[in-house]
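Everything below concerns the one structure shown next.
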Amino acid sequence: MPEPIRSILIVGGGTAGWMAAAALQRTLGPHAKVTLVESDDIGIVGVGEATVPPIRDFNAMIGLDEAEFMRETKATLKVAIVFKDWGHIGNRYVHPFGTFGRGPTLAEFQQTWFALRARGLAGELADYSICSRAADAGKVGDRDPDPRSPTNSLFSAYHFDAGLFARYLRKVCEGRGVQRVEGKIVQVNQRPEDGFVTGVTLEDGQVLEADLFIDCTGFRALLIEGALKAGYEDWSHWLPVNRAMAVPCASVSPLTPYTLSTAREAGWQWRIALQHRTGNGYVYCSDHLSDDAARETLLANLDGEPLAEPRPLRFVTGRRRKYWDKNVVSLGLSSGFIEPLESTSIHLVQAGIYRLLQHFPDRDFSQVNIDGYNRRLGREVELIRDFVILHYHASQRDDTPFWRQVAAMPIPDSLAERVEAFRDRALLYQVGADEYFSQGSWLAVMHGQGIVPTGPNPLYTYQDAARNAAGLNHVSDVLARTVAALPEHEAYLKARDMWSGPD
């Protein structure tokens, strides 16, 4: 009988490392020792402050108290991403969480809506999303699990301080028995016969050994690449932005429950409202913009006083060819990087952890199991990649060399097929159970950035237009009344003991 895993060493802390520690400790309990090694002298990237709704499931899985988590991480709620100047300068649209519409036409809402829209019998797309309406109104609320309730689609995620989140998870993990070791790694030790990692040697001579290793060393990828040479698949020909400049600024009112993404000369700028500050950053392509110019643009477009000097970051968009090799699993930046346009960085850490739990090994490390993990996670990452590329491909901007470049660049066949299917007859679909982004997400971005179908599925032109229009009007009216009754964002947090405010 195969021997079970008895010891796990997580190499590197930060958000990825401590999320892995929390999940593995919670799942394995006393059956395996979980240790994390990190050095306070090695900084973490910590740019990602925006998440997507599955983070709620993760927090519940590891047993976090939501109010405490919100206070400890200065978190706020997020119901959407608002895109400004992406389709063209002056364009604004909302990519909401949840779904569009309600009722029996839900699965093909866009077909009914386009058929009615062509006859002048339907409102704006955002009228039929409670999250779009809530974002515009600055409102948040509780999601009702009853599918008959208009708030059943009021999904939300979090904005939080990534550094505070890692610190909070560390406190939780150490309280539950995870051992933390402080130290810098100077050597990765491997079995000469097959290359499996046996341990790491620290600067002080201490050797840490384990059965399974989780590489959370960020872009350095100390184990998965430094030791095992797993390889990297570069996607910069599809996603050419390769720099970011990040800076916090003072908060301003009101507290917005959405991430704002504003297209700029050579990329885009994020704005994320937290309880104690606002996070900002400019993600850009260094072929078209200097670091100094990016810094100046970022500082010129803050809505509060900067609280620090802008911090530069460099990256190459892509993915590890093997996320898991031998007895090393990479998570977070060590596994690859997709720019944070759709707030998927932390989600991909979570996805990697879930897949690891589903494919959890014994000490034989079955190659069939490892290959299955790599194949499934790779497909999930590629689908997210395609969705992010869509934002650039669908833009009609041609005012700068950067936007002309991304308009002319080839796109993956997998994305081209979906764009043409939508343009042909408003067809939307998901590729298997592992795809994160829903039909509603694809609809929001394709329509928001100006991809116009030639017409809906012909079957929808035979429907009773008056009845369907009355149904959509009813949905719009119900959502308007529901959102009007929701509390303001800050008031909601304070009423539920989630608010700790500025330091």
*the stretch 123-142: number of residues that are farther than 23 Å from Gln110 by Cβ, surrounded by fewer than 21 Cβ atoms within 10 Å (Cβ to Cβ) and charged (D, E, K, R)*: 1
_Of everything in the stretch 14-36, what is under 15 Å from Glu182 (Cα atoms), within 26 Å of the chain's Cα centre (by Cα) and either at pLDDT below 95 or surrounded by fewer than 24 Cβ atoms within 10 Å (Cβ to Cβ) (or both)? Give them in sequence order._
Gly14
*Failed item in (1) outside the structural domain of Gln439 (by TED's automatic domain parsing); (2) among the basic types (Lys, Arg); (3) more than 19 Å from Thr217 (Cβ to Cβ), with Lys322 passing the rest*: (3)
*With the condition kept exactly as written, say whether any residue in the stretch 448-467 is under 30 Å from Arg320 (Cα atoms) and of a type in the set (Asp, Glu).*
no
*Would you check if Arg102 is outside the structural domain of Leu255 (by TED's automatic domain parsing), modelled with pLDDT under 95 and either in contact with a Lys or Arg (Cβ under 8 Å, 6 or more places away or on another chain) or basic (Lys, Arg) (or both)?*
yes
_Positions within the stretch 369-405 being within 16 Å of the chain's Cα centre (by Cα) and aromatic (Phe, Trp, Tyr), in sequence order_ = Phe387
*Which one of the conditions (1) crowded, with 21+ Cβ neighbours inside 10 Å; (2) of a type outside the set (Asp, Glu); (3) over 17 Å from the mean Cα position of the chain (by Cα) does Ser366 fail to meet, given that it meets all the rest?*
(1)
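Rundown of residues vs (1) out of contact with any strand residue (DSSP E or B) (no Cβ under 6 Å at 6 or more places or on another chain); (2) over 25 Å from Asp127 (Cα atoms); (3) aromatic (Phe, Trp, Tyr), yes/no style:
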position: Phe402; (1), (2), (3): yes, yes, yes
position: Glu417; (1), (2), (3): yes, yes, no
position: Glu420; (1), (2), (3): yes, yes, no
position: Ala426; (1), (2), (3): yes, no, no
position: Gln439; (1), (2), (3): yes, no, no
position: Tyr460; (1), (2), (3): yes, no, yes
position: Asp477; (1), (2), (3): yes, no, no
position: Arg481; (1), (2), (3): yes, no, no
*Restricting to the stretch 171-198, what's the tally of residues that are surrounded by 20 or more Cβ atoms within 10 Å (Cβ to Cβ) and not in a strand (DSSP E or B)?*
3
*Go through the stretch 389-409 and give me each residue that's without any contact (Cβ under 8 Å) to a residue 24 or more places away in the chain and either assigned to a loop (DSSP other than H, G, I, E, B) or over 30 Å from Ser286 (Cβ atoms) (or both).*
Asp398
*Please name all residue pairs, on different chains or six or more residues apart, with Cβ atoms under 7 Å, provided the first residue is in the stretch 480-493 and is closer than 10 Å to Lys139 by Cβ and the second residue is of a type in the set (D, E, K, R).*
Val483/Arg133; Val483/Lys139; Leu486/Lys139; Pro487/Lys139; Glu488/Lys139; His489/Lys139
*asked:* Looking at the stretch 118-131, can you tell me whether even one residue there is among the small types (Gly, Ala, Ser), modelled with pLDDT under 95, under 20 Å from Leu443 (Cα atoms) and not in a loop (DSSP other than H, G, I, E, B)?
replied: yes
*What number goes with the only condition from (1) surrounded by 20 or more Cβ atoms within 10 Å (Cβ to Cβ); (2) at pLDDT 95 or above that Pro340 does not pass?*
(2)
_Residue count for the stretch 223-247, restricted to those that are crowded, with 23+ Cβ neighbours inside 10 Å and under 22 Å from Glu305 (Cβ atoms)_ = 2
*asked:* Cβ-Cβ distance below 6 Å, separation of 6 or more or different chains: which pairs start in the stretch 129-152 with a residue that is without any contact (Cβ under 8 Å) to a residue 12 or more places away in the chain and end on one that is outside any loop (DSSP other than H, G, I, E, B)?
replied: Asp144/Thr151; Asp144/Asn152
*Within the stretch 280-305, how many residues turn out to be touching a Cys at 6+ places or on another chain (Cβ under 8 Å) and surrounded by 16 or more Cβ atoms within 10 Å (Cβ to Cβ)?*
2
_Residue within the stretch 208-222 that is of a type in the set (A, V, I, L, M, F, W, C), surrounded by 15 or more Cβ atoms within 10 Å (Cβ to Cβ) and either over 28 Å from Pro4 (Cβ atoms) or free of Cβ contacts under 8 Å to residues at least 24 places away in the same chain (or both) present_ = yes
*asked:* Here's a check for you: in the stretch 275-293, which residue that is under 17 Å from the mean Cα position of the chain (by Cα) and in contact (Cβ under 8 Å) with a residue 40 or more places away in the chain is nearest to Thr51 (Cα to Cα)?
replied: Gly279
*Do you know which residues across the stretch 143-160 are crowded, with 21+ Cβ neighbours inside 10 Å, of a type outside the set (Gly, Ala, Ser) and touching a Gly at 6+ places or on another chain (Cβ under 8 Å)?*
Leu154, His159
*Could you check Arg167 against (1) under 17 Å from Gly12 (Cβ atoms); (2) not in a helix (DSSP H, G or I) and say which number it fails?*
(2)
*Which residue, of Pro502, Pro453, is under 23 Å from Glu108 (Cβ atoms) and either in contact with a Lys or Arg (Cβ under 8 Å, 6 or more places away or on another chain) or not in a helix (DSSP H, G or I) (or both)?*
Pro453
_If Asp434 meets every condition in (1) in a helix (DSSP H, G or I); (2) closer than 17 Å to Val52 by Cβ apart from one, which number is that one?_
(1)
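The values are calculated or read from the model by the stated rules, or taken from the named source; none is laboratory data. The model shown is predicted, which means the values in this text are computed figures rather than measured ones. Heads up, the Cβs are rebuilt from the backbone with ideal geometry, glycines too, and the neighbour counts pull from every protein chain shown.
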